[in-house]
1. Would you mind stating whether Tyr26 is out of contact with any helix residue (DSSP H, G or I) (no Cβ under 7 Å at 6 or more places or on another chain), part of a loop (DSSP other than H, G, I, E, B) and surrounded by 13 or more Cβ atoms within 10 Å (Cβ to Cβ)?
2. For Asn108, indicate whether it is farther than 17 Å from Ile13 by Cα and either surrounded by fewer than 21 Cβ atoms within 10 Å (Cβ to Cβ) or basic (Lys, Arg) (or both).
3. Step by step: first the residues of segment 154-168, then only those that are among the charged types (D, E, K, R) and part of a loop (DSSP other than H, G, I, E, B), then the one that is most open to solvent (accessible area, probe 1.4 Å). Which residue is that?
4. Hey, Leu352 hits all of (1) free of Cβ contacts under 8 Å to residues at least 40 places away in the same chain; (2) open to solvent by 30 Å² or more (accessible area, probe 1.4 Å) but one; which does it fall short on?
5. Please work out if Ile346 is open to solvent by less than 30 Å² (accessible area, probe 1.4 Å), modelled with pLDDT of 95 or more and in contact with a helix residue (DSSP H, G or I) (Cβ under 6 Å, 6 or more places away or on another chain).
6. Just to be sure I understand the filter: pairs with C-beta atoms under 6 Å, separated by 6 or more residues or on different chains, first member in segment 1-28 and farther than 17 Å from Ala121 by Cα and touching a residue at least 40 places away in the same chain (Cβ under 8 Å), second member part of a helix (DSSP H, G or I) and open to solvent by 40 Å² or more (accessible area, probe 1.4 Å). Which pairs pass?
7. Quick check on my filter: what residues within segment 29-53 are touching a Leu at 6+ places or on another chain (Cβ under 8 Å), without any contact (Cβ under 8 Å) to a residue 40 or more places away in the chain, under 26 Å from Met330 (Cα atoms) and not in a loop (DSSP other than H, G, I, E, B)?
8. Among the numbered conditions (1) within 21 Å of Val28 (Cα to Cα); (2) outside any helix (DSSP H, G or I), tell me where Val98 comes up short.
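The values are calculated or read from the model by the stated rules, or taken from the named source; none is laboratory data. Since the model is a prediction, treat every value here as computed from it, not as a measurement. Neighbour counts are summed over all protein chains in view; Cβ atoms, including those assigned to glycine, are modelled from backbone coordinates with ideal geometry. Please note that ligands, DNA and RNA were not included when accessible areas were found on the heavy atoms of the full protein model with its side chains. Shrake-Rupley method; radii C 1.70, N 1.55, O 1.52, S 1.80 Å.
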Amino acid sequence: MKYDVCILGVGRIGYAAAYDLKRLGYKVLALDISEERLKKIRTELDIDIARLTPKLDDLSRYKDRARLFLSSLPIDISNKYVEYMISQGINVVDVSSVPEDRIPLYQNMAKKSGCKAFLYAGVAPGMAQTLSGALYRELDGLDKLEIYVGGIPLDPEGKPLKTNITWNPLGFLLQYKIKCRKVVDGEVKYFDPFEDTGIVKLPGEGEYEYFISDGLKTLLNTLKDVPNMAEYTIRYKGHLKEMYLLREIGFLDIDPIDVDGYAVEPVKVTAKLFDKYLSKDPRDKTLLAVYGYSRDVEAIYYSYIYYNDELGMTGMQIATGFNLARYGHMLLDGIFEWEVILPEYIGLDDELFRRYLKEIDDAGINLYRVEERI
């Protein structure tokens, strides 16, 4: 049977993307290694399913069965799947953060194999990059760009660390560990996550604390004439002090330690504990605000997505999964001229951005824009 879209990985994000694509009228096939996840999506969304084996070349069995593959696989395995699909001429939209230095290779591979690949098709990176491109175009260049984004509980009271886990706990923890890039006066500099922190007041949401994160990605190249750029992750006030303590006493260490003769990576143990104790209440909100400054103008795009009781989906699930689906919808319409598409390309093009605004509005993702003289 022929399908419009095959979705690789139907955890929370893949499930949300499948839901959105089905309501758009697409015929969808769900692929996953988990029988439990396949059973859930089959029962709840009435979507066809197939069991995917861990063997990479197993994908070849499905190559000609769909016009497009959407990948919402975990980051530790997604890169090899994306590269394989491009090499095989399979149109793909991927939600993960592929290594930026691989993009030229992907461009050559896609040109040779005759496919299209949309990369970084989530929220941050993804929607944040699209909005950054739009601000750059609308303000005729930028003096400074700041992205603030985070998934946090609807209510932090009574929750350890004032947070909950609605996505990969290991990825969550590594945010506090890795060096992050920031553009300062035209120069790319590296910062420890706890080296660049502060308080930001988001429109209509109030004050949150932030720390620098490594989310600029391809903007470092596509908007390289912007002299000051940074992405920050937002949390409730007081969270960072507690996370700093955990990091300093070794709970986020990557190097294994010996525990009764077993080599144990502390960060993986911490991730398991976070998943066990901080995933009990999925009610969350995903906040995104992109600030652009040009001469005497400040413009902000912001989008706040909250847990949806009716759908039973988290804010992060909706924001990421629906963006993934809508980027895929646009690719299926054949409106992109590039072999490898980056989300900021949409914002940099007025016509494409208007189409994107229509798509996210139709999906139920709110977006607001404010501008003022400073």
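1. yes
2. When the stated conditions are applied, Asn108 passes them.
3. Here the residue is Glu157.
4. Result: Leu352 fails condition (2) only.
5. yes
6. If the second residue must be part of a helix (DSSP H, G or I) and open to solvent by 40 Å² or more (accessible area, probe 1.4 Å), the pairs left are Tyr3/Arg65.
7. Once the filter is applied, which keeps residues that are touching a Leu at 6+ places or on another chain (Cβ under 8 Å), without any contact (Cβ under 8 Å) to a residue 40 or more places away in the chain, under 26 Å from Met330 (Cα atoms) and not in a loop (DSSP other than H, G, I, E, B), segment 29-53 yields Ala30, Leu31, Asp32, Ile49, Ala50.
8. The single condition Val98 does not satisfy is (1).
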